[in-house]
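Colleague: This is the structure I want to talk about, given as structure tokens.
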Amino acid sequence: MASGLSDLLSVSIDFETSHLFFPAIIHWLLAGLFALVLVLKVAPFLAAVKRGERTLPIFGESMDVMRFFGTLALIVAYFYLMAVVGDLFPYTGYGFLFVSMGFVLLMSLLYLHVWSRKNLIIVVVNAVVAPSLAWFVLAKLFTITLP
């Protein structure tokens, strides 16, 4: 009896494959969620397109060219400049901090519809506070190396 109970309470870990346990669970959860999206959203949308009630978004609607290409350019510049500025201040995370401030500011200005004093103040405060808070939490509290 004691042997059977101790077998139930003992834990054996295979350290060669134990790190694959949670990623496998995440993969199956993501696959399940993807299947749910396909069944619940994409299939009814495609059925409505086939009936003529809806059109495909890439064909039936106009595109905001400035915002689309502006976003692409800002994303490319963000990743490029993060490495460049990070090399100026190695192992401090200032590359992340300074470039993220500029990125958030320019992205917010790109998508800002109503340019008022109040909205511009909100955009500037957000561009300074959000990256600073993320930098403080990641670089200082969790000591994660940032570019």
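Rundown of residues vs (1) at pLDDT 95 or above; (2) of a type in the set (Gly, Ala, Ser); (3) surrounded by 11 or more Cβ atoms within 10 Å (Cβ to Cβ), yes/no style:
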{"residue": "ALA48", "(1), (2), (3)": "no, yes, yes"}
{"residue": "PHE59", "(1), (2), (3)": "no, no, no"}
{"residue": "GLY95", "(1), (2), (3)": "no, yes, yes"}
{"residue": "MET107", "(1), (2), (3)": "yes, no, yes"}
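Colleague: Can I ask one more? Report whether or not PHE89 is over 30 Å from LEU110 (Cβ atoms) and among the aromatic types (Phe, Trp, Tyr).
Modeller: Judged against the criteria, PHE89 is not a match.
Yes/no matrix, rows are residues, columns are (1) of a type in the set (A, V, I, L, M, F, W, C); (2) under 19 Å from the mean Cα position of the chain (by Cα):
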| site | (1), (2) |
| --- | --- |
| VAL84 | yes, no |
| GLY95 | no, yes |
| VAL99 | yes, yes |
| LEU112 | yes, no |
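Colleague: Can you tell me which residue is modelled with the lowest pLDDT among those in the range 7-23 that are assigned to a helix (DSSP H, G or I) and within 31 Å of the chain's Cα centre (by Cα)?
Modeller: The selected residue is SER18.
Colleague: Check the range 65-74 and report whether any residue there is in contact (Cβ under 8 Å) with a residue 40 or more places away in the chain and of a type in the set (Lys, Arg).
Modeller: Within the range 65-74, one or more residues are in contact (Cβ under 8 Å) with a residue 40 or more places away in the chain and of a type in the set (Lys, Arg).
Colleague: Considering only residues of the range 58-92 that are outside any helix (DSSP H, G or I) and of a type in the set (Asp, Glu), which is nearest to TRP135 (Cα to Cα)?
Modeller: ASP64
Colleague: What number of residues in the range 93-147 are in a helix (DSSP H, G or I), closer than 27 Å to PHE69 by Cβ and of a type in the set (A, V, I, L, M, F, W, C)?
Modeller: 20
Colleague: Starting from the range 104-133, take each residue that is aromatic (Phe, Trp, Tyr) and list its partners that are part of a helix (DSSP H, G or I), counting only C-beta distances under 8 angstrom and pairs at least six apart or across chains.
Modeller: So the pair list comes out as TYR111/ARG67.
The values are calculated or read from the model by the stated rules, or taken from the named source; none is laboratory data. Owing to the predicted nature of the structure, the values given are computational and were not obtained by experimental measurement. Please note: Cβ atoms are built from the backbone with ideal geometry, for glycine as well, and neighbour counts cover all protein chains shown.
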